[in-house]
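Just below is one structure, and these are the notes that go with it.
The values are calculated or read from the model by the stated rules, or taken from the named source; none is laboratory data. Quick caveat, the model's predicted, so the values are computed rather than measured. Cβ sites come from the backbone with ideal geometry, for glycine too, and all protein chains shown count toward neighbours.
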Amino acid sequence: MNRPAAALLAPLLSLGVAAAAAGEGAPGTLSITSPDGRIELRLFVGERTTETGSPPRPQLAYQVSYRGQVLMDTSFLGLEIQGQRTLGDNVALVSSEGGSTDEQYKIPVGKSKVVRDHHNWLVAEYREEGFIPRRLNIEVRAFDDGVAFRYVLPEAPTPMEVRITGEATQFKLGRDAESWPLVLRSFRTSYEDHYPRQTLSGIHPEYLVAVPFLVEQPGVGWVAITEAHLEDYAGLYLTHADERTTMQARLAPRADQPELAVTGTTPLHSSWRVLMIGDEPGRLIESNILLNLNPPCAIEDTSWIKAGKTAWNWWSGSHAEGVDFEPGMNTATMKHYVDFAAGAGLEYMLIDAGWSARTRPGRGGDITKVNPAVDMPEILRHARAKGVGIWLWAHWTAVEQQMDEAFPLYEAWGIAGVKIDFMDRDDQWMVDFYHRVAKKAAEHHLMIDFHGAYKPTGIRRTWPNVMTREGVMGLEYVKWSSRVTPTHNVTLPFTRMLAGPMDYTPGGFRNVTPAEFEPRNRQPLVLGTRAHQLALFVVIESPLQMVSDYPGAYAGQRDFAFVGAVPASWEETKVLNGRPGEYVTIARRRGDEWFLGSITNWTARELEVPLGFLGGGEYVAEIYGDAPEAETHPTMTTIEEKRVNAGSVLTLELATGGGAAIWLRPVD
C-alpha cells in the first residue's frame, strides 16, 4: 500500500483509478471512476482562500462529476483536531493504491436477498508539511450508484491519542438545486419531522440538517448525502455554509465532553461520507451502497433471524370492543392480540411499554421482572401454541443497565426480539451503545428494533438481527397531530428510507378526509385512503412491519387480505416511477410473486405502470384500488383481478391521498 504512486499508474488506469493527466488538475491529482464510468471523483490538494484576505493555503479537496457534468464542485476536506490546525491543510501526496472489487453476498432480510458489491477503490496517503508531519489517508470507493470516502488516521509505532472536535468536510453542489432537508432542533432528537422541499441556497445557515439529504441537480442528476459504517465515531449532520450551494459537515458532540466529537487512539477511521447518485430518484431507493460499505456479517448462523409482520397493542390506545375483559396492560389483552396475530397470519406480537416492573429508579424500570398484571409465562405459552413470536419493549436506560442479565433471560423465555426506545442521540458513546446491543442480542438470538433512533447507516449487514428502526415521523403522530399526510408518506421513500428500513407502523384502517380528521389517542384516525395504507406495506421497507390498528378495525374488511398476504422481506426491489412529495410506485419480489404499491399525495392522478419486470408467462394481478367514491369516503376500495404478463401496462387511478396495492401471482 505504500508503494510509490508512479509505480501504480499503469495498473490503475485499467481499473478506473488513475492520476490526472497534465492540464486536468494540480500535480498529484488522483481520479477514480465507477465501474460503468459515469461517476468520477477527483482527489487533489487545492488552494483555499480565507475571509481574512491572507494568501490562499493548500488544502485537501475533491470534486465529483456524473455523466460528464459537475455534481460536486471543489469541496475541501479535513479533520479538526483539538489544539492543532486542521489535518488536511498543507499536505502532499505520498503514495496511492487502487483496485477493483466485484463480489456477491446474501442478507437474511431486507429489500434484496443477494447483494452485489461492485466498486473501484482508491487509498491515498498524505503527509503534512512541517517539522512534525502528521499522516492522513483518504479511502475512496466508487460504485455505479454512488461514491464514498472516509478519513483514516493510520497505525503508528506508538498509538497516539486523537481528540476530534469536528470536520472540515464540505459538499459543494455544482449549482443551485431543489432539496428536501430534515431540519432538527438540536443534536438530541428522534429524527421525527417533515422533509419540506427547499431551494438549496435558501436553507438558513443556522439550520441543523440531518442526513440523508436529498438534492436534485437540474440537468445533472439526483444525489443524497449520508453516511455508512458509523462505528466508534459521531453522527454526521450538515449546515449551509455559504449563500449558495455549500453544505458543511457537523459532528454530534459527546455528552460527557461537548467540546469534542470523537476521542480515541490511532488507528482510527471516520464513517463513510456517501453520495448516493442516480439519474432518477428511484434509483437511490434501489441502491444497496450503504450495506456494501459495512463489514461482512458477524453472525455465523442467521437462520433464527426471520422477518415478519406484528400485531401491536400501543397504537390503538388499548381499545377493545365486544370482549369480556377490561383492555389494558394485562394478560387477557395480550392474549387477545396474540389470537389476532395468529388468525391474520402475522408472525409476531409486540408487547409495548408497561409489561415490566417499575421497581428501579428512572423511566426504564426493571426489565428482568414483570408487571403483576401480566402473566408472562402464560402469554408465552399461549403464543407458542398459536405459532406467534413475542417482542418486548424496553427503555434504553434499562437495557444499558441490565442487558447482561436481561438478554439471557429473554432467550430462556423464548422472546423473539426487543424494541429499544428513547435514545434520541448519535454521539460517539450512543453509537457504541447500538453496536454493543446488537452484539449482545445476537449472542442470545434476539432481534432488535431501535425506536427514538438515529437514521440507519448499514449496520444490518454486520448485525442482521438489527431488523429495523424508527428515526421517522410515522403513523403514531396521528394520535396527537395532523402532520402525517399522504404528501409526507410520498416524501419518505426518497429521504429517510434511503438510509434503510424504517418502522413507520402502517395499517391504519379508520381512514378519513381532512375535514373529518381529528387527532385522538384511542381509535386514531388516518389521513388518506384505505388503498394508500395497503400500499404502504410494499412502499415502506421494514423487515419487522407493524400492523398498527386494533384487531377489531380489521374484522370483516375484505381488503385486509392484502395485509395478510404481503411479505416483510424481499428478494428484489424495483422503483417504477416517482418524485419526492408527489407519487411513487415500488414493486418487490418474494419467490415468484410480486407485490406492487403505488401512492400519491393530495393530487389525484392516473399512472401508467408497465409490468416489464415480470418473468415469462401469465400472472394474476389482484388489485386493491381506490373506489370511485374514495375522495369523500376514503375507506372504500375496489378489488379486482386481471390476467397480465410482462408486456402489460396497468392503468392506476389514484384518488386524492390515494393508492393501489397489487398482488401478482403466476398462473399455474
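Rundown of residues vs (1) under 19 Å from N313 (Cβ atoms); (2) surrounded by fewer than 21 Cβ atoms within 10 Å (Cβ to Cβ), yes/no style:
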residue	(1), (2)
K335	yes, yes
A344	yes, yes
D352	yes, yes
R358	yes, yes
G365	yes, no
N371	yes, yes
A406	no, no
*Among the residues of segment 555-590, write down those that are closer than 17 Å to G345 by Cα and surrounded by 19 or more Cβ atoms within 10 Å (Cβ to Cβ).*
D559, F560, F562, V563, V566, P567, A568, S569
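Kindly establish whether E227 is of a type in the set (D, E, K, R) and crowded, with 22+ Cβ neighbours inside 10 Å.
Working: of a type in the set (D, E, K, R): yes; crowded, with 22+ Cβ neighbours inside 10 Å: yes.
Judged against the criteria, E227 is a match.
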*So, in segment 481-496, of the ones that are out of contact with any strand residue (DSSP E or B) (no Cβ under 8 Å at 6 or more places or on another chain) and surrounded by fewer than 24 Cβ atoms within 10 Å (Cβ to Cβ), which residue ends up farthest from W180 (Cα to Cα)?*
S481
*Hey, R141 touching a Phe, Trp or Tyr at 6+ places or on another chain (Cβ under 8 Å), assigned by TED's automatic domain parsing to the domain that holds G83, touching a residue at least 60 places away in the same chain (Cβ under 8 Å) and of a type in the set (D, E, K, R) or not*: yes
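Out of the residues in segment 129-158 that are among the β-branched types (V, I, T) and modelled with pLDDT of 95 or more, which is surrounded by the fewest Cβ atoms within 10 Å (Cβ to Cβ)?
Taking segment 129-158 and keeping what is among the β-branched types (V, I, T), we get 132, 138, 140, 147, 152, 158.
Add one more test, that the residue is modelled with pLDDT of 95 or more, and what stays is 138, 140, 147, 152.
On the way: I138: 22, V140: 24, V147: 30, V152: 18.
Among them, the one singled out is V152.
Would you confirm whether or not segment 251-266 contains a residue that is of a type in the set (S, T, N, Q), surrounded by fewer than 21 Cβ atoms within 10 Å (Cβ to Cβ) and modelled with pLDDT under 95?
no
Return the residues of segment 431-461 that are surrounded by 21 or more Cβ atoms within 10 Å (Cβ to Cβ) and farther than 30 Å from P524 by Cα; say none if nothing qualifies.
Narrowing segment 431-461 to residues surrounded by 21 or more Cβ atoms within 10 Å (Cβ to Cβ): 431, 434, 437-438, 441-442, 446-451, 453-461.
Within segment 431-461, V431, Y434, V437, A438, A441, A442, L446, T457, G458, I459, R460, R461 meet the criteria.
State whether the residues of segment 408-423 include one that is assigned to a loop (DSSP other than H, G, I, E, B) and closer than 30 Å to L184 by Cα.
At the first step, the residues of segment 408-423 found to be assigned to a loop (DSSP other than H, G, I, E, B) are 414-416, 422-423.
The next check asks that each one be closer than 30 Å to L184 by Cα; those that pass are 422-423.
Taking every residue of segment 408-423 in turn, at least one turns out to be assigned to a loop (DSSP other than H, G, I, E, B) and closer than 30 Å to L184 by Cα.
Having 1 or more residues that are charged (D, E, K, R), outside the structural domain of E216 (by TED's automatic domain parsing) and free of Cβ contacts under 8 Å to residues at least 40 places away in the same chain is the bar; report the helices (runs of 4 or more DSSP H) wholly within segment 282-391 that clear it.
376-386
For residues in segment 127-140 being assigned to a strand (DSSP E or B) and in contact with a Lys or Arg (Cβ under 7 Å, 6 or more places away or on another chain), which is nearest to L293 (Cα to Cα)?
Per the stated criteria, the residue is E139.
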*Could you please find all residues in segment 509-535 being buried (at least 24 other Cβ atoms within 10 Å of the Cβ) and over 16 Å from D559 (Cβ atoms)?*
P524, L527
_I need a count of the residues in segment 288-322 that are surrounded by fewer than 23 Cβ atoms within 10 Å (Cβ to Cβ), under 19 Å from E103 (Cα atoms) and among the polar types (S, T, N, Q)._
2
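Could you please find all residues in segment 27-48 being within 14 Å of L77 (Cα to Cα) and either at pLDDT below 95 or among the acidic types (D, E) (or both)?
Initially, segment 27-48 is screened for residues within 14 Å of L77 (Cα to Cα), giving 41-48.
Selection gives G46, E47, R48.
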_Given (1) under 27 Å from V115 (Cα atoms); (2) assigned to a helix (DSSP H, G or I); (3) of a type in the set (G, A, S), index of the condition A398 fails_ = (1)
_Residues to consider are E541, E516; find the one that is without any contact (Cβ under 8 Å) to a residue 24 or more places away in the chain and not hydrophobic (A, V, I, L, M, F, W, C)._
E516
*Being among the aliphatic types (A, V, I, L, M) and either within 14 Å of the chain's Cα centre (by Cα) or assigned by TED's automatic domain parsing to the domain that holds R605 (or both) is the filter here, so list the residues in segment 441-474 that pass it.*
A453, I459, V466, M467, V472, M473
